[in-house]
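Worksheet for the structure shown next.
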Amino acid sequence: MSSGAMTAVESIPLLLTGLRTTFNSGKTKSLKWRKQQLERLLKLFDEQKHLFADAAKEDFHRPEQETLLYDCGLIRAECVYALNNIDDWVKDEKKSDSLVYAIMEKYVHSEPYGVSLIIGPWNYPFLLLFAPLVGSIAAGNCSVLKPSELAPKCAQLVFDVVPRYLDNDCIKTVLGGVDQTQALLKGDIDYIFYTGATTTGKIIMHAAAEKMIPVTLECGGKSPVYIADDANIEVTGKRIAWGKCINSGQTCVAPDYLLCSKATEQRLIPEIIKAWKEFYTENPLQSESYAHIVNDRHFKRVENLIDKSKVVYGGNSEEKHNYISPTIMTNVTADDKVMQEEIFGPLLPIINVRDENEAIRFINERSKPLALYVFTGNKKLAKKIIDETSSGSVCVNDVVLQIGPSALPFGGVGPSGLGSYHGKYSFDTFSHKRSVAFSPTFADGLVSMRNPPYTKATTKRMELIGKPYRNWFHIPRVFKTFWFWAFISLTSLDPKMDSGMSINNHFHQQPQQQNRNLTPTIAQLIDRKQLKIENFSNLELVYIFDQLLSSFHMWLDGHSLALTVFTCLYLHEPDMIKDNVLRTMTIAYLKLIDYIRERIILKAGIYEEEDFSGTLIYNFKFYQETVKEQQSINDIKKCEDDLAKYYRKLRHLSTTVDISQDMLYTQQLTIRMKFLRHLYQICLKFNCVNEIGEQTPLNGEEIAKLLKQTTECLQLIQPTVLIKDNDEQEENNLTTAINIQKLDTNSSSMIASEEESNLSTTILSISPSSIVDLKYTFDPYYNYRQLPPAFNRFIRCLIPSTIVYKTYNELCEHIKKLLEMTDKKTLQLSYEYFIEYSTYYKPTIFIRSLLLLSYLPSAQGIPLPGRKIFGQFIFSDYIKLEMKSFILPPILTLKHIQIDQTTFDIVENFFQRSAVLFSNLFYSLCNNRARTREKLSNLLEECSVLQDESEKIDNWLQKFLLDIFEQQTPNNSQVMMMMEKTSYFFNFMLHWTLCIMEYYIYLGFELDLYSKRELYDLYFYLAQIILFAHITIYTRADYLLTNTETFFQQLNNTSMTAGKKQQKSPVTNRFIRQLVDNNPQMTSDLLNMPSSTISSSDVGSISTPVNTDNQKKSKRKQQTTTNGTAPSTATNGGHNNNTNSSSSNRPSHYEKELNLLHGHFSMCTALHRCLKALEVDNRLIFKKKNDMSSDLTQSPYFLKDEVRYRHRFMPFSNLCAPRYMKYHDFKDIQQLCDGDHNIHDLYQDSVTHFQQAKVYFETYLNKITLKHSSTKTPLNRTFTIGFTSVKDVESYIKIAKTNVIVVRLLAAGHKRGETIDFDFNTNSHYPMLKL
Amino acid sequence: MSSSSSLSVNGTENKENQQFDPHSMTNGFTEANCSCCDHHENSLHSHSISQSPQNENNIEEEQELISRLQHFTLDTINENCDQDIYFHSYKSEEQMLSIMKLISGVLSEPYSIYTYRYFIHNWPELCFLCSKKSENSNNPSSTQDDNENELIGSIVCKLDLHKKILRRGYIAMLAVNNEYRRKKIASKLVCMAIQTMMERGCDEIVLEAEVTNQAALNLYENLGFLREKRLYRYYLNGVDAYRLKLWLK
């Protein structure tokens, strides 16, 4: 029937010879050619896609969209994927192996086979021809395309269009059928890629076997679908309906037959039919979306497979159009005709199986299929089926889709095919992997051992070095940059990379002074008597100690080891030092560094690329094994004793000679050694391990004791300062150059304090002449050769020791503050503590690591949910307690309920998962502040998942509790109602989500990230969505705590008394029991309610609760709008609330929090109103310029507001609550809220809100001060609730006060037309308006 | 904040380098134009088809933006009082030395010659220069000979795939000679770069600037760049930086 043109069989050998010549010319091997051809192919399937669609439509009524999407689209995707990755693919793969082959250069080189033949089928006439071609081109082959003659129009089109786009010398098309194919197979080809029927596949493989040509065969097979009873039937039906009938079932990976239970079948069939009707209307023959069977022969074959007696739907056919309607057959057995061959048509037989075991058996009894589909909601079941069967590919809960991702190989197994392709696999398929090894001749001495005559000894040695070891050493890939620059420096072989760098601003101006092309070793330096190793004076030692300590401090601050401590040459080879004190000192430093690096910084895992402290160690030795920690400490102690002895001797002598200087130095050295010992001991207390390798919890008392001793030492130390005695010494360029400008901004405060310290502390002045011998002790360039070329080569000058000792004082302060952490018994308190710590202490990476490790020991070691807070308390228990005290959920409060296994598992699982979220939260807070913000945005993703979970749990628990209460016949129906309606878990999750969102936005303010034009959006979103929701949550929680607590108490008591009749009734609630068992020391807290003394009469006194409705989102939005449009009601509400709580004199549970949140809410509202007014009033600079769109020269602003909004609030977009407000909604709502008012109203409203904010904040402050004055503890201004500290609140009040005045002036029209500026200096959260 | 006297704009490529694919470097020198971003006709085209009709809108808007930019660039040329100043594209290696001289004189960060080569050889079309005609050659046709004229401003950029999806433009260096500040030269150079990148279907443009460099921050924020992140101790001198970003899509 194929009427198309044919390639003459005789011309084929010639054509192949042509290709061979081209291939031998090497043209196709060039990367440039490959990329260019792939680009062209991409272009072809972009520009001519409609031609392809038309051809396929003519051939077998294929819907255009199917060709556009599945053929052209996927081919383009393959091209792009190849183009993106080809650079990686073609690279030689370097290999490492055991020691004996270490000197050989080894790699795997991918080379093209030569001429590849690609035979395509007709069903996807382009995809299955060109997708392999992408691989063939990428691998650098010449190719022959043989499209299927059964789709003649498509074949002709390929023949016509390929030469116009692709390189005609390298890629040819052959048209025709069996004869042409045979001629090709006999010809001079190197690779065959065949897609089509299994029978033909066998013939091809046979022909290939004759010439030993490698083949890839992509065949078909009956791909089964197993549908478990728990599958989502609606989705399943739709997906199967789609997969079965794209291309009218003529898809190799189409689902062939279904396996399911009778019951599922009953539910499924209507869904499939429904989907088909939706897709192709009642009469698919008329549908443009429905393909027909390719030719008469196949039509007959498929029609013949229909067993009319088993058809429950469809079964119609129309010979003229080769049309067969979508058909379902039931009660099919393995013996039916339809089960004997691949259907390749729109027939869907269903075979009933009882369960998955029978399905697995059924599948395994047949040939391995190309694809296997499983529909189930149970991952375990899916895994089981996957494990126990075999197929080319598997897709769970969908069909056909698994062939989409280019990263996954596509191919069959057994009769369904041989080999695979797509993406990188295509490249590999068409490449020969060639091993290459270079054996150097210089190493013949090593290799000659293998030569005869053989002896026992050489055999043994050969065996030894040739032995492959387990866990063979791999080169760690620490920094990607490193390799990048290493590559550059190797290829360019520039002996001095520095030549291209303008090094002009560091203190050491004589890099070329000595010939440093060869860095001398320590031993050489000692030989040359340049490096002193004995007979140190105590003054010299003191000096070295201070220098070392200073560089150690710089290292702690996040600089590279090589540029800080290891600039001291003694640290490289401490063993060579003969002086006992110095050797002990250097080894102690090394061990201290190693401990901090390995056990603290790396363990905590919060270092970033900007921290160099931990990651690179350049083969420096750390005496990990040779010197034990305790031994090092003992050594220091011994030095101290020796020095003390020496001091006593001196004192004895001092009666006769004046040796006061020497005495002073000795004394100072002793104290310094003691200080070092204490510092080391403190570090060892963190993250220490007990005998069985477990982290032990922080021992606060011991650390506090050590800290005290350390600070005592620090007080006695007199820092050294180099005082130049005269000018001629100036050239003596020693390492302490003090260049204040070079110190970064962070230390500016230190400089200020330095001046004070000069006055207060005694200084140990040293004249350079006395340390002349130490000239080579510190060499900032010593490690230069080890650094990657692009590495930060600048050494910040050493900080003078006067300042250094101050910073160690601070360090002690920080650690002391850190110990307070153990008092934080709830998550909320810990969260606030972490925020407070990072805001007010600006800790270094060292301290931040300590913080994290003390809170969650072994952060990186144990899987997340297994982490214990302080190494003692199970994280999920902490969350339970937190939730219990926050909102009093019945499931965690009622002692005498029976919890069945399922409920227990569901709830427990939730807590385990939220443990991951919470531990990540603390991890995030330990990053540097700039990073914290990024991490928080990632956390919000996790929050959204848990929100979904919590909603489900709430539904489940509501049912569960309802059952329980029905049995118990409760006495308070009102409270019952309320409990039933409350989503406890959801509210809890929402509360934390809001906390994170708030901190995320306010941190942006603190980091100064927002521009003026964003302020309006930000304050609006904050007020109307985030803070508003948070107030609601707190109010609800407050209400619940107040009203349900007594009820729960009663319930617990009644069941207690009821139980007493037998004996003391045990606690039956498994959660409470578990909590008690795990945390025996908390028992009393657990069993009792959060302490509050409310009489039951108070319950009635609260008139209307503020909304306990269940997160109806539409309602929420409405609330927001009404709240916005009618601000007066909101303010009234606020006032009422306020007066209510104060008048009834009832201690509200969340009084402080609510006060703060209301304050923030008013502040934000005031600001967005004010901003709107300013905008309308033309008082904002950026708006003014932007509006004059004609005058582009002033300030062309290229960012669209919508784009900006979308990107800025991206992290919030996935949350289910508070629901992300789309830009258009946002526009509408803010129009309703602020837009309708005139300027005066807006200003007025803003004033009211500022005033209100002030009142709220002042109330809060008064409460706090009152409380503190009653307990007689001084008010800590950093004390934080949420993210707000007392210090913040004080400045908020100031800001609100000022703003009230300014806005009033503005409203009165003061200085009309002048712009307003925002001053964030008072507090970064809110601006002070400035005229 | 700091006065206009130091408009050293942005700095090191140190961290950004980590995203470089070392291999693109091997090809970079010889086959600079092979990276798929640079086939702008293709990429723009495929872009338009692969997305929903809603985005056709965007394309139109984009066109409009581009034309606005062109408009703007023309305007400043005419408006510019100093007739001797003219803008041109990078042409050859001969200009490299003067670019290096200009930039290293102004920016705080030291770059090796490899950094310059990496950018300029790979993306020569994204490097724009501004020169002043030398006094001895008043002949208007002599602008051809750029090497005789003094280079007073330059911008160096790149454009490649970020995380394999986003087409991200990156402004690596921008420098204007001290004597020629406050003439909108820098704005003009940035606009030229933005325009070229937009024509190439760029999704977003990023750069880094020191937190203290108020002049640079103002310049970019006026063009719509926003501070996306703060980078802790980004610069070698220990100062934090902002990552500024202009979202185009």
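The values are calculated or read from the model by the stated rules, or taken from the named source; none is laboratory data. Keep in mind the model is a prediction, meaning the values are calculated, not measured. Neighbour counts run over all protein chains shown; Cβ positions are idealised from the backbone, glycine included.
Among the strands (runs of 3 or more DSSP E) confined to the stretch B:181-249, the ones with at least 1 residues that are within 10 Å of another protein chain (Cβ to nearest Cβ) and in contact with a His (Cβ under 6 Å, 6 or more places away or on another chain) are located at B:241-247.
Figure legend. Inter-residue proximity from the stretch A:567-588: first residues within 12 Å of residue A:548 (Cβ to Cβ) and in contact (Cβ under 8 Å) with a residue 40 or more places away in the chain, second residues assigned to a helix (DSSP H, G or I) and aromatic (Phe, Trp, Tyr), beta-carbon distance below 7 Å, spacing 6+ or different chains. Indicated pairs: A:571/A:589; A:582/A:570; A:585/A:545; A:588/A:680.
Of the residues making up the stretch A:641-655, not a single one is in a helix (DSSP H, G or I), in contact with a strand residue (DSSP E or B) (Cβ under 8 Å, 6 or more places away or on another chain) and over 30 Å from residue A:867 (Cα atoms). Entry remark, the stretch A:246-263: residues being at pLDDT 90 or above, crowded, with 23+ Cβ neighbours inside 10 Å and assigned to a helix (DSSP H, G or I) number 0 in total. Any residue in the stretch A:109-129 that's farther than 18 Å from residue A:76 by Cα: show its pairings with residues that are of a type in the set (Asp, Glu) and buried (at least 24 other Cβ atoms within 10 Å of the Cβ) at Cβ separation under 9 Å, as long as the two are six or more apart or on different chains. Note: pairs meeting the criteria are A:121/A:218. For the stretch A:1-56, the set of residues classified as polar (S, T, N, Q), farther than 20 Å from residue A:161 by Cβ and within 14 Å of chain B (Cβ to nearest Cβ) consists of A:30 only. In the set A:517, A:505, only one residue is more than 14 Å from chain B (Cβ to nearest Cβ) and either at pLDDT 85 or above or farther than 16 Å from residue A:583 by Cα (or both); that residue is A:517. Counting the residues of the stretch A:425-439 that are surrounded by fewer than 23 Cβ atoms within 10 Å (Cβ to Cβ), modelled with pLDDT of 90 or more and not in a strand (DSSP E or B) gives 2.
With respect to the conditions (1) farther than 30 Å from residue A:921 by Cβ; (2) at pLDDT below 75; (3) surrounded by fewer than 18 Cβ atoms within 10 Å (Cβ to Cβ); (4) not aliphatic (A, V, I, L, M), residue A:747 lacks only one, and its number is (3). Of the listed requirements (1) modelled with pLDDT of 85 or more; (2) in contact with a helix residue (DSSP H, G or I) (Cβ under 6 Å, 6 or more places away or on another chain), residue A:630 misses just one: (2). The listed residues are B:158, B:164, and the only one of them that is among the basic types (Lys, Arg), more than 13 Å from chain A (Cβ to nearest Cβ), touching a helix residue (DSSP H, G or I) at 6+ places or on another chain (Cβ under 8 Å) and farther than 25 Å from residue A:1012 by Cα turns out to be B:158. For the stretch A:1149-1196, the set of residues classified as within 14 Å of chain B (Cβ to nearest Cβ), in a helix (DSSP H, G or I) and at pLDDT 50 or above consists of A:1181, A:1182, listed by residue number.
In this structure, residue A:311 does not qualify as among the aliphatic types (A, V, I, L, M), within 42 Å of the chain's Cα centre (by Cα) and under 30 Å from residue A:396 (Cα atoms). Among the residues of the stretch A:373-411, the ones that are under 30 Å from residue A:83 (Cβ atoms), aliphatic (A, V, I, L, M) and in contact with a strand residue (DSSP E or B) (Cβ under 9 Å, 6 or more places away or on another chain) come to 6 in all.
In the stretch B:193-214, how many are of a type in the set (Gly, Ala, Ser) and farther than 16 Å from residue B:155 by Cα? Number satisfying all stated conditions: 1. The test for being within 17 Å of the chain's Cα centre (by Cα) and not in a helix (DSSP H, G or I) holds for residue B:161.
Total residues in the stretch B:155-198 satisfying the condition of being at positive phi and either in contact (Cβ under 8 Å) with a residue 12 or more places away in the chain or buried (at least 24 other Cβ atoms within 10 Å of the Cβ) (or both): the figure is 2.
Every condition in (1) under 19 Å from residue A:178 (Cβ atoms); (2) in contact with a Ser or Thr (Cβ under 9 Å, 6 or more places away or on another chain); (3) of a type in the set (Asp, Glu) is met by residue A:210 except one, and the failing one is (2).
For the stretch A:384-423, a tally of residues being within 20 Å of residue A:70 (Cα to Cα) and in a helix (DSSP H, G or I) returns 3. Just so you know, in the stretch A:918-934 the residues that are of a type in the set (A, V, I, L, M, F, W, C) and in a helix (DSSP H, G or I) include one that is farthest from the other protein chains (Cβ to nearest Cβ), and it is A:918. If the condition is being out of contact with any Ser or Thr (no Cβ under 8 Å at 6 or more places or on another chain) and surrounded by 18 or more Cβ atoms within 10 Å (Cβ to Cβ), then the stretch A:303-341 contributes A:305, A:322, A:326, A:327, A:328, A:329, A:330, A:332, A:338. Taken over the stretch A:972-1012, the criterion of being touching a residue at least 24 places away in the same chain (Cβ under 8 Å), of a type outside the set (A, V, I, L, M, F, W, C) and closer than 21 Å to residue A:1220 by Cβ is satisfied by A:983, A:987, A:991, A:993, A:998, A:999, A:1000, A:1002, A:1004. Only residues in the stretch B:90-101 that are assigned to a loop (DSSP other than H, G, I, E, B) count as the first member; pair them with residues that are loosely packed, with under 13 Cβ neighbours inside 10 Å, Cβ under 6 angstrom, at least 6 apart or cross-chain, and list the lot. Listed pairs, sorted by first residue: none to list.
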